[in-house]
Each structure stands twice: as structure tokens, then as C-alpha cells.
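Throughout, read-outs are computed from the coordinates displayed, never taken from laboratory work. A quick note: this is a predicted structure, and the numbers were derived from the prediction, not measured. Here Cβ is always computed from backbone atoms with ideal geometry, including for glycine, and neighbour counts include all displayed protein chains.
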Amino acid sequence: MDVVILLGAPGSGKGTVCTRVAEAVGYRHLSTGDRLREAVKAGTAVGREARPYIERGDLVPDEVMIRIVAEAMTSEAPELRRFILDGFPRTDAQALLLQQRLRDEGGRICAVILLEAPRDVLIERLAGRRVCRDCGATYHVVNIPPKHEGQCDACGGELVQRPDDNEATVRNRLEVYERQTASLIEFYERAGGLRRVDSARPLDVMVSEIRDLIVAGVS
Ligand code: AP5
């Protein structure tokens, strides 16, 4: 199993980059946030458990997340287990579990890429983000607008704000990132090979830089 980890604060562009890069480099985009939102929408037991955490902007308990990621990974045939992880790991326990799983399966982390942007950029991006109610495609009202206002280019679905993109929840999500996830930067820096990418730049520049980093990490 080959894994690329994309680290970064809420709004740094992880999901946007992954959807543009994963297929080109032959990886599967595994977003824990997307998985959770699908579970909430479907009203599953996991979705019901996760919902209050997501609404507050707190992290969903590790044991739930570890189960979701393990299931997603094993649902792929062994030869297709090449993942870009978007939003996982987010705690020390999740990072350790991932290491153990890779050791057990003879897998490896090909690259750890950190997307960095100043706080005011993150807040402006989250405030202007719109997502398609039907297919989940992501836009920004100013930076990455749809062709027709309020309508998804891909499927024509209605564009809405994510419920956790309100001001109070965004503030908490940014604090939670600093408190519970930012320590992973040091963790992966010590392990060697963490690459920092300035994500406050235009999207096409970032996408091509990240694609090159992944290809270099894989070879
Ligand atoms: P999750 O969905 O992972 O949210 P997040 O980490 O807060 O990240 P975001 O999706 O908000 O931002 P992003 O970095 O993907 O930015 P995007 O590309 O959309 O998690 C949601 C919740 O689920 C968590 O709060 C938690 O409760 C739970 N959860 C998930 N994983 C968990 C885990 N492992 N453990 C525990 N709980 C977990 O971009 C943002 C905006 O900017 C968009 O509008 C985009 O169009 C725009 N944009 C992007 N790049 C650029 C650019 N270069 N230039 C201009 N605009 C840009």
C-alpha cells in the first residue's frame, strides 16, 4: 500500500488539490471529511455519532475515524491500494495507527505534504466556499466561481454553504487544528521528508507543484 499524506489547516485547499491531482498520479482520494458527510447524509450509525462533533468543529473520536479509514482501505483490491489521505491523520493516535497498519501490510508513506496559508486567507476561503448539494464539488464565490451562479458545473446541482463553515465553527476548527493536529507537522518532520507548500498561491501553480512532489516521492 502506497500513501501520500496531505496535511493542512481547514481551508488550506486539501480537498480542492486532491480532486485535481489524485487521478493524474494514479491515486485514490480518501477524504475523511467527505466520508463523514456521506455518513451523516445517509443517516448511518457512524453519521449520527459524528454529526454533533462536525457541527461544533471538534474532532470525531479516534476509534470511529480509524474504523472508517481501515474500511475504506480494505475495500480496495490490494493492487489498487494507493491513497492520498486528505484529513487523516489528525491526531497522534491516528498517525501511530497508520504507521502500524503500513508496517503490518508492508506499505509505505511516499510523501507528506503540508499546505500552509495565513489565517486571514483560510478564513476568507472558508467564508466563500460553496459545495454542490448533489455531487460535493467545491467552488469559491470569488476565487473559483462556477460558470452559472449557484449551480454546479459538473452536475447542475444547487451550490450551498457547508454547515460547518459558519463563523463560530470555523473559529473552533482552526483552534482544534492548532491544538490537536499541528503537532503532526513536527512528528513527520522528525520522520523526514515533510514538504511544505505555500498554498496561498493560485490553484494551478499549487496543483502542478504537488503533482511533481508526489511523482518524485513515488519514484
Ligand atoms: P474536513 O472536511 O476534512 O475539513 P477540514 O480539514 O476542516 O478541511 P476543509 O474541507 O474545510 O478545507 P480544505 O483544506 O479541504 O480546503 P478546500 O479545498 O475545500 O473535516 C470536516 C470535519 O470532519 C472536521 O471538523 C471533523 O469534525 C471531522 N473529521 C474529518 N476528518 C477527521 C479525522 N481524521 N479525525 C477526526 N475528525 C475528523 O478549499 C477551501 C476553499 O478555498 C474552497 O472554496 C476552494 O475553492 C478555495 N481554494 C482552494 N485552493 C485555493 C487556491 N489555491 N486559491 C484560491 N482559492 C482556493
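Structure notes:
- The modelled label-to-label distance for the pair Ser208/Glu175, using points 7 Å beyond Cα in the direction of Cβ, is 4.1 nm.
- The equivalent ellipsoid that matches the C-alpha gyration tensor of the stretch 42-131 spans semi-axes of 26, 19, 13 angstrom, in descending order.
- Residue (of Gly193, Asn166, Val215) at the positive-pole extreme of the stretch 63-219, dipole from beta-carbon charges: Gly193
- For the stretch 95-195, alpha-carbon Rg and Dmax in angstrom: 17.6, 49
- Restricting the trypsin sites (Lys or Arg not before Pro) of the stretch 121-219 to loop positions (DSSP other than H, G, I, E, B) with no more than 14 neighbouring Cβ atoms within 10 Å leaves Arg133, Lys147.
- Counting only DSSP beta bridges whose two residues both lie in the chain, roughly 30 percent are antiparallel.
- Taking other Cβ atoms within 10 Å as a rough exposure proxy, Thr138, Thr74, Thr181 sort from fewest to most as Thr74, Thr138, Thr181.
- Extension gain, Glu49-Ala154: 0.36 nm per intervening residue step, less the Cα-Cα distance, totals 34.7 nm.
- Loop-located trypsin sites (Lys or Arg not before Pro) in the stretch 1-52, at most 10 other Cβ atoms within 10 Å (DSSP): none
- The tail of the calculated P(r) for the chain beyond 26 Å holds 33 percent of all Cα-Cα pairs.
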